[in-house]
Amino acid sequence: MIRINDNFKNLEKNYLFVDIERKLEEYQKENPKADIIKLGIGDVTLPLCPSVIRAMHSAVDEMADKSTFHGYGPQSGYMFLREAIAKNYYKYNVSINPEEVYVSDGAKTDASCIQEIFSPDGYALVCDPSYPVYVDSNIMFGRKVRYLSANESNNFLPMPDETLNPSLIYLCSPNNPTGAVYSREQLKKWVDYAIRIQAIIIFDAAYEAFIEEKDLPHSIFEIEGSRECSIEICSFSKNAGFTGIRCAYTIIPSDLKIGNIKVGDIWSRRQSAKFNGVSYVTQRAALEVFSSKSQKEIAECLSYYKRNAKLISETLDNIGIWNIGGNNSPYIWLKCPLKMTSWEFFDYLLKNVGIIGTPGSGFGPNGEGFFRISSFGSYENTLEAKKRLELLEF
Ligand code: MLT
């Protein structure tokens with residue numbers, strides 16, 4: 001008799017952002033006239049930049065012509081894009097071989113699936129709070145998860161705990177949700193630790209484009225020794241606005257081996273069975289992201305969101321709410337006032353000022369009492385959110 005995979009019974013009932021949507025729908029049903037500002041999920045609001053759109057149009061035209069039409073593409077991505085991604089690492093003085101680049105339809109897909117090529121024994125170490133996908137995917141696979149506390153006293157940047165012996169280590173820098181960014185020295189400690197205990201670091205760099213401070217690393221591969229112990233996941237979603245287009249990439253260095261097996265070969269084997277690649281049109285759009293013209297246009301989009309982040313952060317300062325993030329990341333992480341829990345503050349903001357944010361507790365137990373506001377809304381909405389927040393008194 002068929003049964004549900006028991007691992008799924010160990011999950012929270014709903015995925016965080018589904019819970020938020022459900023709450024919002026209920027509220028809107030009861031308050032159909034409410035004017036809600038959504039600063040919850042980190043979804044971009046600016047359109048794709050003009051150069052990328054032009055590249056997509058021309059790729060669509062190619063698909064209309066028998067001589068330039070593309071069917072199934074290579075499952076790890078077209079070489080033109082893998083080369084461009086590898087080349088982009090030069091700016092961080094990092095040398096990546098295009099063969100080490102695996103193009104996919106999203107960082108969420110890769111961050112959740114990569115763990116399944118490793119044995120479910122042992123446990124994954126996840127900084128708490130962080131992106132809920134790391135925990136959910138490991139639970140679904142039947143691997144245990146242990147949290148490493150990220151809190152005010154360690155500036156939300158936990159360091160290796162020598163008493164722990166995980167097989168997988170998830171690091172997200174800039175962190176979602178706190179916006180904290182590891183320094184080179186801190187990442188070096190993580191790399192040395194991973195090598196010492198023979199663990200693999202899964203480094204989520206989805207928000208690297210938001211780093212403003214000069215000396216902070218954008219890639220784990222800027223750190224000596226990292227090629228032996230790390231996988232990096234990055235995305236076109238947050239920098240180039242591809243949340244609705246879907247394109248990302250994972251870097252698995254050829255030096256990353258378990259015994260004499262190359263981890264990249266196993267990932268490739270997995271992908272060939274489960275994934276048919278990203279559309280040609282999307283990959284041409286992603287290629288265009290690296291042109292100097294697009295880079296200028298994208299920089300303008302990033303400045304737009306950064307202006308929003310600054311506005312939110314200043315507003316919170318003005319009304320006396322402790323907050324961090326927003327400078328090297330698109331998220332502002334705040335402490336709920338009046339000792340409210342994260343979900344209490346969610347309800348409070350929704351009911352009193354019609355603003356949706358993300359409860360910190362959805363990112364892990366340590367996020368309780370905290371809250372995340374996204375800077376990816378429109379400037380007009382962010383300005384309106386500022387006015388509404390300033391009406392609150394704590
Ligand atoms: C977030 O809001 O945490 C992210 O947008 C979710 C995602 O990228 O899947």
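The values are calculated or read from the model by the stated rules, or taken from the named source; none is laboratory data. Fair warning: this is a prediction, and the values are worked out from it, not measured in the lab. Positions of Cβ are backbone-derived with ideal geometry, glycine not excepted, and every protein chain shown enters the neighbour counts. When the accessible area is computed, the model is the full protein with side chains, heavy atoms only, and any ligands, DNA or RNA have been set aside. Shrake-Rupley method; radii C 1.70, N 1.55, O 1.52, S 1.80 Å.
Structure data summary
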quantity: Within segment 265-394: Cβ-based charge dipole about Cα centre, in debye rounded to nearest 20 (Lys, Arg +1; Asp, Glu -1); calculated: 420
quantity: For segment 33-41, Karplus couplings with θ = phi - 60° (6.51, -1.76, 1.60), whole Hz, Gly/Pro x; calculated: 8, 4, 9, 9, 9, 9, 10, x, 4
quantity: For segment 293-394: relative contact order, % (alpha-carbon pairs under 8 angstrom, 6 or more apart); calculated: 31
quantity: Segment 50-289: relative contact order in percent, alpha carbon pairs under 8 Å with at least 6 residues between; calculated: 26
quantity: Contour excess over end-to-end distance, with Cα ends at residue 265 and residue 141 and 0.36 nm allotted per residue; calculated: 42.6 nm
quantity: Segment residue 123-residue 196, length gained on full extension (0.36 nm per residue, minus Cα span); calculated: 24.7 nm
quantity: Accessible area of the chain belonging to carbon and sulfur atoms, whole % at 1.4 Å probe; calculated: 51
quantity: Check: segment 1-135 dipole with +1 on Lys, Arg Cβ and -1 on Asp, Glu Cβ, in debye; calculated: 200
quantity: Helix-only [θ]222 nm of the chain, DSSP H runs n ≥ 4, -39500 (n - 2.57) each, per residue, nearest 500; calculated: -11500 deg cm²/dmol
quantity: For segment 8-64: span of alpha carbons on each principal axis (Å, largest first); calculated: 46, 38, 20
quantity: Helical segments meeting 18 Å axial Cα length and Kyte-Doolittle -1.0 threshold in the chain (DSSP H); calculated: 50-63, 184-197, 292-318
quantity: Segment 1-79 versus segment 356-394: alpha-carbon centroid distance in Å; calculated: 22
quantity: Given the chain, longest segment not containing exposed loop trypsin sites (Lys or Arg not before Pro) (DSSP; at most 11 other Cβ within 10 Å); calculated: 215-394
quantity: Descending Cα extents along the principal axes, segment 1-160, whole Å; calculated: 51, 51, 50
quantity: Ellipsoid equivalent to segment 50-289 - semi-axes via the Cα gyration tensor, in Å; calculated: 31, 20, 16
quantity: Interchain or long-range residues, amide H under 5 Å from residue 230's placed H; calculated: 201
quantity: Percent of beta bridges antiparallel (DSSP, the chain, rounded to nearest 5); calculated: 50
quantity: Top positive-direction residue, dipole computed over segment 50-289 with Cβ charges, set 194, 76, 250; calculated: 76
quantity: Charged-residue dipole, Cβ positions (Lys, Arg, Asp, Glu), the chain about Cα centre, Debye nearest 20; calculated: 420
quantity: Selection from 129, 177, 289 lying farthest towards where the dipole of the chain points positive, charges on Cβ; calculated: 289
